[in-house]
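Working notes, structure below.
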Amino acid sequence: MEQKITSERRYKKWIVAFSIAIPLLVAILFGVKIPNATPLTFLPPIYASINGFTAILLVIAFFAIKSGKMKLHQRLMKTCIILSVAFLAMYMAYHMTSDSTPFGGRGWVRNVYFFILISHILLSIVIIPLVLITFVRGLFGEYKRHAKIARYTFPLWLYVAISGVVVYLMISPYYVN
């Protein structure tokens, strides 16, 4: 038990570092444009699909653990983390090579879009430490503590994944290729 807690504490510094560095890096790089770069306009449907696939895998992983299929759950969760990293890399590559697309909707749909977008952005920041803490606890066999935080991590991560797809679907008519 002491070894597991010591290992988690060791990772806590990395969790804090990543939880601060990732949103900060995204914010900084969001404003950086690569000069003369070919716009990577093909990426939004790909990274939106990655969000959708992540949502599906999160649900499957939830049912896998509820059915006692721990190895399947672990593989699915590792895949979700890898997909989230791939999403982030593609998202940043797109925004570093392409101008942001303004939402062209009017009326109540504009308010709905911005509500979903802002909640998606804020929760995508909140979810980073939750995912990392949940992952580390599972990795070190702290299953009770893992489950305790996973009950918050799962629905928030699922919302971030699904809302990413919804944001894409709402803004996709306004993309200029």
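Name the single residue, out of those in the stretch 95-112 being in contact with a Leu (Cβ under 8 Å, 6 or more places away or on another chain) and not hydrophobic (A, V, I, L, M, F, W, C), that is farthest from residue 169 (Cα to Cα). Looking at residues that are in contact with a Leu (Cβ under 8 Å, 6 or more places away or on another chain) and not hydrophobic (A, V, I, L, M, F, W, C), I get 97. A single entry from 27, 61, 17 fulfils the requirement of being assigned to a helix (DSSP H, G or I), in contact with a Lys or Arg (Cβ under 9 Å, 6 or more places away or on another chain), without any contact (Cβ under 8 Å) to a residue 24 or more places away in the chain and hydrophobic (A, V, I, L, M, F, W, C): 61. Would you confirm, using the coordinates I've provided, whether residue 98 is polar (S, T, N, Q) and at pLDDT below 95? Spelling it out, residue 98 is indeed polar (S, T, N, Q) and at pLDDT below 95. Residue 175 passes every criterion in (1) within 21 Å of residue 45 (Cα to Cα); (2) touching a helix residue (DSSP H, G or I) at 6+ places or on another chain (Cβ under 9 Å); (3) surrounded by 13 or more Cβ atoms within 10 Å (Cβ to Cβ) apart from (3).
Considering the stretch 1-16, the residues that are farther than 17 Å from residue 141 by Cβ and over 17 Å from the mean Cα position of the chain (by Cα) include one that is modelled with the lowest pLDDT, namely 13. Taking every residue in the stretch 71-84 that is closer than 17 Å to residue 142 by Cα and pairing it with any residue that is among the small types (Gly, Ala, Ser), at least 6 positions away or on another chain, the pairs with Cβ-Cβ distances below 6 Å are 73/61; 73/64; 77/61. May I ask you to verify whether residue 122 is more than 16 Å from residue 159 (Cβ to Cβ), in a helix (DSSP H, G or I) and either modelled with pLDDT of 95 or more or of a type outside the set (Ser, Thr, Tyr) (or both)? No: the conditions fail for residue 122.
The values are calculated or read from the model by the stated rules, or taken from the named source; none is laboratory data. Model, not experiment: these values are computed from the prediction. All Cβ positions, glycine included, derive from the backbone under ideal geometry; neighbour counts span all protein chains shown.
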